Structure formats: C-alpha cells, structure tokens
Amino acid sequence: MNNELPPRPAEWDPLHPYASLTPDAVLDALADIGLMGDGRLTALSSYENRVYQIQLETERAPTQTDGTPVPDSVVAKFYRPGRWTDAQIQEEHDFAAELVAAEVPVVPPLNLQARTLHHKKPQGFSFSVSERRGGRRPELDDDEVLEWIGRFLARIHTVGSTKAFHNRPALSIDTFMHEPKEWLIHNKAIPMEVERAWQVAWQQAMDVMHASGLGSAHGSDWPHFQTLRLHGDCHPGNILWTPADLPGGGPHFVDLDDARMGPAVQDLWMLLSGDRKQRSGQLSMLLEGYEQVRDFDRRELALIEPLRTLRLVHYSAWLARRWGDPIFPINFPWFGTPDYWRGQVQMLEEQIEQMQEPLLMV
C-alpha cells in the first residue's frame, strides 16, 4: 500500500516566515515596547501562531497605559503572517476589552504604549502580550463545571450580540466547506486514489445540509438563525479552570484568535463528547447554565452536526495549507496519506448519518 504523502504544491514554501523568529528576535520585540526579559523564555504549544511565556526583569517593572503594573510573567503571541489584517486582529482585541469591561473572565492583551497590537521590524511580525494565567482543562464530566461554563458562555454571547464584527470573516458554509474543498482539489492535496470518494462524500454532506434548509444558493449564511460575535474555537483546551475556592476561581477563556460571527451553538458543541447519551447530558447542563443568563434558540441544536461537518473539512484543509511549516510534519505525521483520507471519507459518511438523526434531547 502506498502511504507516501502527496507531492507538495509549489506554493507550499518549506522555509516558513517563522524561521526568522528566533529567541533573540522575540526578546528584542518585547524590549521595543518596554518589556525587558530576564532571559527565561519558553515556547508554548501553538501551531497557528507562535506563543512564548517570558519572565520579565522585576527591577524594571513597566506599567500599562492606564498605570496598571505589568505582571512579572507574560505570554507573547506572534500572529501568523498573512492570516489576519491589523484591522481584524484589532477587532479581536476590542472584543476582549468589551468582555473584560463586562467582567467576563477572558485573558485580554495588555495595553502598552497606548495600543494592544505591536509590530516587530524588520521581520514584520504582528504580536500582542498578555498576562500569564495558570489553570487546567475543565472536568467536563462534572455537571457543576458544565453549568458554570454555560453561564459564562451566555455572558460572552450577551456582549457579542451588542454589535457585529465588520472586518473579521463569518463562520459560513462557504468559508468552512466550499472554499476548503476547492483549495484541496486545486492543489491536489488528496491522493488520486481517494479523491473521487472524498468528493462524493463531500457532495452528499452538502446535499443533506441544503435539504435541511441550511445555507443560501452560495452556502454563505445561516437562514432563520441569529448570528453574533463568538469565541469561535471554544474547545476544552481554550478554557483554563482554577479551583472554585480560590479568588477568581472557575473558568477563564483564552485565545480569541478565531473569534467571528456565527450562531451561538458554535461555542457549545465542541464541549460535547462521548456517546449520544453522554453528549445529551452534557448539553443539558451547558444549557441549564446558559439559560440562567440568556435565552437559547433550541432550533440551533439542528446545527450541531452540520457545524461538526464543516470543522472536519476545514481542519483537513488547514493542515494541508500549513504543511510547509516544519512544525506541522513533526506534530501531524499521520496527515496526508491515502489511509488518512480514507478515514476522512468514513468520517464524512458518519456525519451524513448523524445529520439525519433526531436532535439531541435536552
């Protein structure tokens, strides 16, 4: 059996721009905005961006624009070049500031030198700095934890519903289903022996979505559902949990990098796992907390499996687009083989069945 990766298209440059982001460049970038590292720098787990924990010199402790001291330990995020415009990143930062003002526990970028978005010259990296917050993944088999998270998601959505993003893209069938498929086919990212089966499964999934009334003729919207500003990527790894008996204990939401407009249920379904009974129980507790703060349109439950299908397709295209970044072959060695894509065909077929099953009962 041929398990070789497909040849890389010419646009997959093996020398990724992050090659110039050395530890010295990271520390120099922080020094440019008045943050002097003491030499302790740790790379944190991140694929899309580059994220570093940095210890600052305590004897030269700077302050934020409002006079608040900068903590001794900070996290610097260097955004992937070409992914977001400055205007799109600034919308993310402004959304975080709105959430903080509403006392929602998110980790916002620090305001330094009267701005939250900075640039490292001559490399041209955009970056932000935030306080380092500790915590662990939440225990999602605990009903109290789920209810608590549900309340805070409702608070995020209450703020998110007050106005729209104008620069950041929306979560849509077009951007998460059509465009990734066209990119994968155009760039020959799917092995020839699997490509036809994958396209057939993709089309069948689209047919089920359209039959249920989702998407316009161009697959660009969610008819009959309210869209609002979302966290966008609310999986357990983006929630830090601290013990409830500590000051400020409970959930802290991090990484608004994928914030965008979409239906509210997008921020709930990624917290569900296990068999149908388990997922139903988890969803029930999330909504128990959510609806203590904000109404939830139960019709959105019909979007859970379509949204899962969109993420499945989008994720494969994301890996393929990033394959020229050396960190991806190292961390995803199973990607791109014929066996991988056969597995994707099977998962799409399972999603087709899931989209036609009765909704989860809550």
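A compact table of results
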| item | result |
| --- | --- |
| Among the residues listed as Gly219, Gly237, Gly324, Gly249, the single one being farther than 17 Å from Leu359 by Cβ, in contact with a Ser or Thr (Cβ under 6 Å, 6 or more places away or on another chain), modelled with pLDDT under 95 and not aromatic (Phe, Trp, Tyr) | Gly249 |
| Verdict on Ser161 being buried (at least 19 other Cβ atoms within 10 Å of the Cβ) and touching a Leu at 6+ places or on another chain (Cβ under 9 Å) | no |
| Residues being of a type in the set (A, V, I, L, M, F, W, C) and over 27 Å from Gln199 (Cα atoms) - total across the range 287-339 | 5 |
| Some residue of the range 37-49 being assigned to a loop (DSSP other than H, G, I, E, B), of a type in the set (Asp, Glu) and more than 25 Å from the chain's Cα centre (by Cα) | no |
| All positions within the range 310-334 that are assigned to a loop (DSSP other than H, G, I, E, B), in contact (Cβ under 8 Å) with a residue 40 or more places away in the chain and not basic (Lys, Arg) | Trp323, Gly324, Asp325, Pro326 |
| All positions within the range 38-57 that are more than 23 Å from Pro17 (Cα to Cα) and surrounded by 15 or more Cβ atoms within 10 Å (Cβ to Cβ) | Gln55, Leu56 |
| Listing of helices (runs of 4 or more DSSP H) fully contained in the range 73-191 that carry 2 or more residues being touching a strand residue (DSSP E or B) at 6+ places or on another chain (Cβ under 8 Å) | 86-101, 143-160 |
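The values are calculated or read from the model by the stated rules, or taken from the named source; none is laboratory data. Being a predicted model, the structure only gives us computed values, none of them experimental. FYI the Cβ positions are ideal-geometry reconstructions off the backbone, even for glycines, and counts take in every protein chain you see.
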